1. Estimate the FRET efficiency between D400 and Q115 by the formula 1/(1 + (r/R0)^6), using the beta-carbon distance for r and 30 Å for R0, to the nearest 0.05.
2. Give the distance, in whole Å, between the Cα centre of region 301-376 and the Cα centre of region 129-206.
3. Can you pull out the trypsin sites (Lys or Arg not before Pro) in region 142-221 that DSSP calls coil and that have at most 16 other Cβ atoms within 10 Å?
4. Separation between the S525 and E414 pseudo-spin-labels, each 7 Å from Cα along Cα→Cβ, expressed in nm?
5. Rounded, prolate or oblate for region 8-204? Axes are the square roots of the Cα gyration tensor eigenvalues, ordered a ≥ b ≥ c, and the cut-off for rounded is a/c under 1.5.
6. Which entries in K234/K500; K61/K234; K148/K177; K396/K430; K297/K487; K322/K387 show an alpha-carbon gap greater than 18 Å?
7. W143 versus K371, label points 7 Å from Cα toward the beta carbon: distance in nm?
8. Starting from the Cα-Cα distance between V348 and E95, subtract it from 0.36 nm times their residue separation and give me the gain in nm to one decimal.
Amino acid sequence: MVINLSRYDIELLIDLGVHTDIINSLQNKGITQLRPFQYEALNIGLQNKSLVVVAPTGSGKTLIGEIIAVNRILKEQAKAIYLTPYKALAEEIAETFRNRYPISVGVATGDYRDQPIRSLGAYDLIVLTYEKTDHIFREKPQWLEFVKVAIVDEIHLLGDAKRGPLLDIVLTYLLDKKIQIIGLSATILNPEDISNWLGACLIKSSFRPVKLLECIYIAPEAKLLVFDPRPQEKERYFVSYNATKMDLSSDKFVGPIDKFLVKDAQDNGSLEGIIDKTYDVIKVREGTGRFVERKMKKTRTCRTLESQYRDRINHGGFFIKKIKTAQENTRTRSFIQAVLDIINDMIVEMQQYGQKWQLLVFRSSRSLTQKTARRIADFMKNKGYYKLYGSDTVTKRLTDEISEPTSLTEELKEVTTYGVGFHHAGLSRKERQIIEDGFRDGHLGVLVATPTLAAGVNLPARRVIIENKYYEPEYGGQVDLSTAEYKQRGGRAGRPGYDKVGEAILIAKNRKEVRKFIEKYILASPEAIKPISGHIPPIVYSQVLALITTEGPITLNEINEFFGKTFFYYYSKNTGDTYSLRVLDENIQDGIKFLIESKLIKKIRRNRRT
């Protein structure tokens, strides 16, 4: 074993018993090294031990599950399942496995309703949504006996009000069947609770491949407040002497970008003119082009904030950047006007540096993603910015490959013509794929999406704009995004290998909101995971019925034994929450009574199984 290295050569996996086909496949895809936390996790997981891996978005935690699962498939002729919360993610996950490894891969989600469950046994690895997994467990197909490992993506959703209860039940089944579990989680406050419940080894890493700047756009002032966790690391850009800049009014490339940089410097007396006077240009070095290194400037406000939060910022710092707005009047800024400002600023800046940057906007509903995409498309059209992205490729694919276009398809074609896309679960699988490919290949400059995209589709961007509220039907109004949800969405900022930094941006209407965002999101830790399944009668009733229909006649003790293995029971017992334990017991009793009265089950004599 190699000690104290910042990276581990992929060939060291041979010593851990990894099949050579896996190593060759990864090397062919350009993956030649592992990070320390990946190697540590593999060293344990390849011994068939369960893991919970907690690391930021884009850090490479998924690769751990891939290698462990594929290794068991190739060496043991076992099967593996990959659990994901969203059907929109399933196809991309499956495609990753198909492209990397010599195994057969199937997908079962709501998009594959007519697919017989027994037919999935033809595959080595099956990608499933949580809901489909629950359905399969109830049907108990014969191939399920050969599943030896389950990769569970977004395992922190155990605390989610919507998906948490079902995930709790699914994981309890995996535990009961002694299937190896590789849980993948975003950063959460209490991962030990999950790993201890699963009897899994906990692997934690704070590594991010691209530095994340957490920002607040103060809309009325057209200023961006930036929190930089490592300000000692400067942004460094290379501008080739051969790079050219497009004149958007004439569609022509009008000469080396370097000439524009030199002209800006001459006009302003220094290289500050490259961007604006909110940056210090530290160093310019000549070569086959110019290397420009920069850092942001501080204001009195920044120093005040650093003083007030000195116990929470570690070595980080606050900075202010003036935004190049889309229009002059900044006093009354709606959310969408603020979004246009941020897009305009990004595109002006990327042109000055000869870069090609992209932006994600997370909105809380499908209708808002479409409305926002239309506004941005009009803006990109009027400014001519769409010419920088070659978006005709996406529009053409939508025209050529969607055999039965709908009104959504036509709306997509309208906005993709101007370098903008939208993405939500209402699109067909093929439409989502085309939009994802278009953004990944750089043909779309802006993508507006619902939160599904934050959960795992690998589409990072230079800038990510996050809406801090969403409509919650249960409350009948708008509620704040949780800290964990903000961190996950913001984690999409920064493309490894392309961007020097990523920028996660919240939009504040006033200075009061700025303070709130700093304390609730930027400097806050994600909330603890707290399960709720035992508090929800329909979940308990449904699972009691599923146990009886799946297992045949069972006793009340066996029902209690199953629920005693859930995360809800484990967490409640460990925290001394006797109220929750009592509610669970009452719901089990009430569930049995309800099912009997509904004639869905019946009691039989005590000397038989009941």
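1. Working: r = 26 Å, r/R0 = 0.88.
Once the sixth-power term is evaluated, E becomes 0.70.
2. A separation of 37 Å, based on Cα centres.
3. On the way: sites: K148, K162, R163, K177, K178, K204, K211; in loops: K162, R163, K177, K178.
Of the trypsin sites (Lys or Arg not before Pro), the ones in loops of region 142-221 whose Cβ has at most 16 other Cβ atoms within 10 Å are K162, K177, K178.
4. 4.8
5. Values: a/c = 1.60, a/b = 1.17, b/c = 1.36.
Cα axes put region 8-204 in the oblate bin.
6. On the way: K234/K500 9 Å; K61/K234 27 Å; K148/K177 9 Å; K396/K430 14 Å; K297/K487 25 Å; K322/K387 25 Å.
Violating the 18 Å limit, Cα to Cα: K61/K234; K297/K487; K322/K387.
7. The modelled label-to-label distance comes out at 4.4 nm.
8. Numbers: separation 253, 0.36 × 253 = 91.08 nm, distance 3.53 nm.
Additional length available on full extension: 87.5 nm.
No value in this document is a laboratory result; all are computed from the given coordinates. Everything numeric here is computed off the predicted structure, so don't read it as measured data. When we count neighbours, we look across all protein chains shown, and the Cβ atoms used for this are built from the backbone with ideal geometry, even at glycine.
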